Amino acid sequence: MADPRFFAAAGPFALSRLCEIARAELGGGVDPEAHFFDVAPLDRAGSREVSFLDNRRYLESFVRSEAGACVVHRDLAVRAPDGMALLLSTEPYRAYARIAQAFYPDVVPESGIADGAFVHATARLGDDCSVEPGAVIGPGAELGRRCRVGSNAVIGPGVVLGDDCRIGPCASLLFCLLGNRVVIHAGVRIGQDGFGFAPGPEAHEKVPQLGRVLIEDDVEIGANTTIDRGSGPDTVIGSGTKIDNLVQIAHNVQLGSGCIIVSQVGISGSTKVGQLVMMGGQAGLTGHLKIGSGARIGAQAGVMRDVDPGATVMGSPAQPVKEYWRQVAMVSGLAKKRKGS
């Protein structure tokens, strides 16, 4: 059970209702009106709690689990312990996510502007917005309906937020336009200067950064990530993209829709990324590259050349995954031969 000091569980829910929520099929031999009160991991769930199995690494935990109900793929249902109610799904993790959302829906704060917040007279706030203490909303800024602005966050002059945006504490948003349902976590920095200088033998001339950051609908940006505004062209984050904590996105970068960018990735200026691209932690991309849609970039990869659509690359410098593993095996073999000599 989640700590009730921080998380308030809804419910209980009948098994039949959980199946509807999860878009799953109820296994046979169970009472569809049995009620469940919470979600929990396989190794901690009790008879009135719901768990899930998505990764075969946890199959033994599933076999021994005391969970009253579990979301599982049909192929693994035969391994379930006696008495466990099964919610059968081809996508157990996504199905479980829907159930967890039902038990723990977003807490909607009371609307209004708290004492200690500053909202400029020319800023416009939609209905039912919430602005917490210490937040600053600058001149000409526009917030859609039901937006939430955390303590000490800064919404700069002219910034526009769509409906249902959530801005975490101490985040700062400058020179940017946000779509609907954008989630910005604590400490995020959006719209600061891009790193633009014209080098010279005696001094480096600063190049004014005159673009914006455009963030489309349903984007989520993790804590302490930074996204620079464009130098002239805009920096663009496509709809549905999910960005982890501590990511750096430079000026003029364009991310397509549905990308997943894991923590500590760095993307240099003017690189264009297609749709549904996945980047593992600590990957680094040089500037002016083209990353094709559906590409996968392994953790700690150093990408210095364009990546074709659908390709998977690893290593530094990054190369096709089969070539990377072939080289790893070759080096390992040479090391074993030397050790045996």
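Do any strands (runs of 3 or more DSSP E) lying entirely in the range 1-111 carry at least 1 residues that are under 26 Å from the mean Cα position of the chain (by Cα), surrounded by 14 or more Cβ atoms within 10 Å (Cβ to Cβ) and hydroxyl-bearing (S, T, Y), and which ones are they?
On the way: elements: 49-52, 69-72, 85-88.
Filter on the range 1-111 gives 49-52.
I need every pair where a residue in the range 84-104 that is more than 19 Å from S16 (Cβ to Cβ) has its Cβ under 7 Å from the Cβ of a residue that is crowded, with 22+ Cβ neighbours inside 10 Å, sequence separation at least 6 or different chains.
Pairs found: Y93/F52.
Mind listing whichever residues of the range 121-141 are touching a Leu at 6+ places or on another chain (Cβ under 8 Å), surrounded by 18 or more Cβ atoms within 10 Å (Cβ to Cβ) and outside any loop (DSSP other than H, G, I, E, B)?
L125, V131, I137
Can you tell me which residues in the range 152-177 are more than 19 Å from N245 (Cβ to Cβ) and either at pLDDT below 95 or out of contact with any Lys or Arg (no Cβ under 8 Å at 6 or more places or on another chain) (or both)?
V154, I155, G156, P157, G158, V159, V160, L161
Report whether or not V265 is in contact with a strand residue (DSSP E or B) (Cβ under 9 Å, 6 or more places away or on another chain), in the same structural domain as G196 (by TED's automatic domain parsing), of a type in the set (V, I, T) and farther than 19 Å from K242 by Cα.
Working: in contact with a strand residue (DSSP E or B) (Cβ under 9 Å, 6 or more places away or on another chain): yes; in the same structural domain as G196 (by TED's automatic domain parsing): yes; of a type in the set (V, I, T): yes; farther than 19 Å from K242 by Cα: no.
The answer is no for V265.
So which residues in the range 292-341 are under 22 Å from G274 (Cβ atoms) and among the aromatic types (F, W, Y)?
Y324
State yes or no: is I243 modelled with pLDDT of 95 or more and crowded, with 21+ Cβ neighbours inside 10 Å?
Yes: the conditions hold for I243.
For the range 226-240, name all the residues that are surrounded by 24 or more Cβ atoms within 10 Å (Cβ to Cβ) and assigned to a loop (DSSP other than H, G, I, E, B).
Going through the range 226-240, the residues surrounded by 24 or more Cβ atoms within 10 Å (Cβ to Cβ) turn out to be 227-228, 230, 235, 237.
Listed by number, the residues that qualify are D228, G230.
Without any contact (Cβ under 8 Å) to a residue 24 or more places away in the chain and assigned to a loop (DSSP other than H, G, I, E, B): which single residue out of R181, R145 fits that description?
Unique residue meeting the criteria: R145.
So L285 ticks every box in (1) among the hydrophobic types (A, V, I, L, M, F, W, C); (2) out of contact with any Pro (no Cβ under 8 Å at 6 or more places or on another chain); (3) surrounded by fewer than 18 Cβ atoms within 10 Å (Cβ to Cβ) but one. Which box is left unticked?
It fails just one condition, (3).
Condition test on M84, is it of a type in the set (A, V, I, L, M) and at pLDDT 95 or above?
Values: of a type in the set (A, V, I, L, M): yes; at pLDDT 95 or above: yes.
It is true that M84 is of a type in the set (A, V, I, L, M) and at pLDDT 95 or above.
Please find, among V265, V273, the residue that is buried (at least 17 other Cβ atoms within 10 Å of the Cβ), closer than 26 Å to I167 by Cβ and over 14 Å from the mean Cα position of the chain (by Cα).
Values: V265 fails: over 14 Å from the mean Cα position of the chain (by Cα).
Going through V265, V273 in turn, the sole match is V273.
The values are calculated or read from the model by the stated rules, or taken from the named source; none is laboratory data. Keep in mind that what you see is a predicted model, and the values were worked out from it rather than measured. FYI the Cβ positions are ideal-geometry reconstructions off the backbone, even for glycines, and counts take in every protein chain you see.
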